[in-house]
Amino acid sequence: MSHDVHLRTIGTQALHPESLMMGYGYNPALSEGAVKCPIFQTSTFVFESAEDGKAFFELAYGLREPNPGERPGLIYSRINNPDLEILEDRLCIWDEAEACATFASGMAATTTVLLASLRPGDVVLFTAPIYGGSDHFLHHVLPNWNVEAIAIPAGERPEPHEESLRSVIGGRPVGAVLIETPANPTNGLTDIAAMAAMARRLGTVDRPPVVVVDNTLLGPLWQQPLKHGADIVVYSATKFIGGHSDVIAGAALGSAAAMAPVRALRTFLGSMLSPMDGWLLMRSLETLKMRMTAAMKNAGYVARFLKQHPAVETLHYLGELDEGDPMHELYQRQCTGPGSLIAFEVRGGEAAAFRVLNALKLVRLAVSLGGTESLAEHPASMTHADVAKDAQARFGITPGLVRLSVGVEHYEDLIADLAQALENA
Ligand SMILES: Cc1ncc(COP(=O)(O)O)c(C=O)c1O
């Protein structure tokens, strides 16, 4: 029996991510033979010697380079913990990343990454619309550090905006670009490679912008931003990665060099995930592919039903893009599946949308997405309530818009529920 905990191949067979989620990175011999990684519910770890403690801190604080084969030792659960380390190793597999850091929430991941990348006086570019919490941080927190956030519309080519952006930036350094693609809630796609190239042209050579992609809506199954020029990918792991609407968590991944300042800042902000939640996410990862595949299949049926319904004015779903739509070519180049988040506009504005939401019986009226159960909400007054009204109108967060996260129920039941609810529109 092999004890190579990082085994990735058998003979010439490269093992698939879904096969590695059950055991990768975990050595049962270190835990009394337990087949599953236990919950290391401990704040601190005993050193075998004072010399070990000294050596562990030297590596953790970057005071010297590791000796050949030397791995960071366990110190204190704000710095490292076996549940988080094994979870992080497993998340790296999906995104083909070198390094990962897990966080107490998706917001903790995004804000720690941005704070590690930005300096006072910088500008940060972002695609709009963007998740309401990220929008709040960009517009209401970063200005306190003299950082201005500048929006670029999602769902459009970035290049036509380049010259006007250059004049708004006015020579200030571009510290980072935050791309949320597809955009929450409109599913507008942004070309990561084109945006990264433009950000680098607008930025400085000595400190190029850090290109961050929020991959919550499609990843890690249906989009892998690091392959398209992103430096760091961030997740609300509360969503598909957790997948059962019972844990709040986040993750950031990238090259070891890109992640080093993020991991260092996480240690001092204390924004890391807890061991128990890390353990829950490891359990979730075992079924990640199954869940995301089943939900996506359901979403295809639901989207086709909604598309032909007379009460539905517009449907925003990546699986139903017309071939002539400029986003279609980008979708094919950048994504490997349409996911399971649908947005649709109910004819009749907010009042009609509310009547539909209030009439749902199986689909729950709640924010969040990516869980096994289907959830519906009203972005303009809920997840994106804090987005300025003119920005809501400009970026497609209309009064009649409903966001639907399709779960793994039977699709015929979901369609029956939506059909009876839409009768109230
Ligand atoms: C796209 C996106 N990014 C980030 C977040 C924030 O994640 P969390 O709620 O885990 O902090 C959310 C939450 O809805 C989201 O939808």
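Here, each number is a calculation from the coordinates, and none is a lab measurement. Bear in mind that the values here come from a model prediction, so they are computed numbers and not experimental data. When we count neighbours, we look across all protein chains shown, and the Cβ atoms used for this are built from the backbone with ideal geometry, even at glycine.
Normalised radius of gyration (Cα atoms, divided by 2.2 N^0.38 Å) for the chain: 1.01.
Between the Cα long axis of helix 288-307 and the first principal axis of the chain there is an angle of about 10°, rounded to the nearest 10. Look at the alpha carbon pairs under 8 Å that are at least 6 residues apart: their mean separation over the length of the range 297-370 gives a relative contact order of 32 percent. Please identify, among 96, 70, 286, the residue showing maximal mean-square fluctuation in a Gaussian network model of the chain using a 10 angstrom Cα cutoff. Most flexible of the set in this elastic network: 70. Cα centroid separation, the range 1-58 to the range 336-405: 41 Å. For the range 245-329, the square roots a ≥ b ≥ c of the C-alpha gyration tensor eigenvalues yield an a/c of 1.5 or more together with a/b exceeding b/c, which makes the shape prolate.
The 3J(HN,Hα) values that the Karplus relation (6.51, -1.76, 1.60; θ = phi - 60°) gives for the range 329-337 are, in residue order, 5, 5, 4, 5, 7, 9, 10, 10, x Hz. Gly and Pro appear as x. Label separation (residue 98 vs residue 290): 3.5 nm, computed from points 7 Å beyond Cα along the C-beta direction.
For the chain, the longest principal axis of the Cα atoms and the long axis of helix 192-202 meet at an angle of about 80 degrees. Computed extension gain for residue 329 through residue 31, at 0.36 nm per residue and net of the alpha carbon distance, reaches 102.4 nm.
In this simple spin-label model, placing a label point 7 Å from the Cα along the Cα-to-Cβ direction at both residue 206 and residue 51 gives a separation of 4.4 nm.
Among rounded, prolate and oblate, which fits the range 289-340 when a ≥ b ≥ c are the square roots of the eigenvalues of its C-alpha gyration tensor, a/c under 1.5 means rounded, and a/b larger than b/c means prolate? Because a/c hits 1.5 or more and a/b fails to exceed b/c, the range 289-340 counts as oblate. Computed from Cα positions, the angle between helix 275-285 and the longest principal axis of the chain comes to roughly 60 degrees.
Count charges around residue 165 for me, please; just the other residues with Cβ under 15 Å from its Cβ, Lys/Arg as +1, Asp/Glu as -1.
-1
With both residues required to sit in the range 82-285, DSSP beta bridges show an antiparallel share near 40%.
The string of couplings for the range 26-32 from the Karplus curve (6.51, -1.76, 1.60, θ = phi - 60°) is 10, 10, x, 4, 7, 9, 6 Hz, one whole number per residue in order, with x for Gly and Pro. Were the residues from residue 413 through residue 8 laid out at 0.36 nm apart, the gain over their Cα-Cα distance would be 141.8 nm. In terms of its C-alpha gyration tensor, the range 278-422 has a rounded overall shape, because the principal axis ratio a/c (a ≥ b ≥ c, square roots of the eigenvalues) stays below 1.5.
Mean-square fluctuations from a GNM of the chain, with a 10 angstrom spring cutoff on Cα atoms, peak among 367, 35, 174 at 35. Per-residue 3J(HN,Hα) values for the range 205-215, derived from phi via the Karplus relation 6.51 cos²θ - 1.76 cosθ + 1.60 with θ = phi - 60°, read 6, 6, 9, x, x, 7, 8, 10, 10, 7, 9 Hz in sequence order (x marks Gly and Pro). For the pair the range 202-281 and the range 72-119, the centres of their Cα atoms are 7 angstrom apart. Per residue, the average separation of C-alpha pairs within less than 8 Å and at least 6 apart gives the range 288-422 a relative contact order of 31 percent.
Relative contact order for the chain: what percent, with Cα pairs under 8 Å and sequence separation of 6 or more? Intermediate results must be reported in sequence, preceding the final value.
Working: 825 pairs, mean separation 69.0, N = 425.
The value is 16 percent.
Could you work out the local net charge near residue 184, counting Lys and Arg as +1, Asp and Glu as -1, over the other residues with Cβ closer than 15 Å to its Cβ? Residues close to residue 184 contribute a combined charge of -3. Taking 0.36 nm per residue of sequence separation and removing the Cα-Cα distance, the residue 44/residue 390 pair yields an extension gain of 119.6 nm. Using a Gaussian network model of the chain with C-alpha springs under 10 Å, which one of 48, 409, 98 is most mobile by mean-square fluctuation? In the Gaussian network model the winner is 48.
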